[in-house]
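Please read the structure below before turning to the comments.
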Amino acid sequence: MPGKKHGPGIKNPDAYEEIRKGGASKEKAARISNAMASEGSSKVGRRGGKAEPYEEWTVDELRKRAGELDIDGRSSMRKGELIDALRNH
């Protein structure tokens, strides 16, 4: 597959690419696309969407999440930089 932007563990590559185009991180896109392949997209879609968009999070909340994902340089990042780092880690 030319232009492949994912690893061999992706079970639903088309869904993965669409989710990534929507701004999701690689980890999140892989998790969602693999769940869609295993459980079906309608089941996964019904349970999603509970978190607020990053733009509505506080800087402290964003830094905490960045820490959970071990993103380097998070302590000196501004809100926009944190959001970008979280979406593209």
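The values are calculated or read from the model by the stated rules, or taken from the named source; none is laboratory data. None of these values were measured; they are calculated from a predicted model. When we count neighbours, we look across all protein chains shown, and the Cβ atoms used for this are built from the backbone with ideal geometry, even at glycine.
Select from the stretch 4-40 the residues that are within 28 Å of Glu81 (Cβ to Cβ) and modelled with pLDDT under 80 and list them in ascending order.
Of everything in the stretch 4-40, those that are within 28 Å of Glu81 (Cβ to Cβ) and modelled with pLDDT under 80 turn out to be Lys5, His6, Gly7.
Go through the stretch 41-58 residue by residue and tally those that are surrounded by 12 or more Cβ atoms within 10 Å (Cβ to Cβ) and either assigned to a loop (DSSP other than H, G, I, E, B) or modelled with pLDDT of 75 or more (or both).
Here the count works out to 2.
Report the residue count in the stretch 64-89 for those that are part of a loop (DSSP other than H, G, I, E, B) and exposed (fewer than 12 other Cβ atoms within 10 Å of the Cβ).
Residues that pass the stated criteria total 4.
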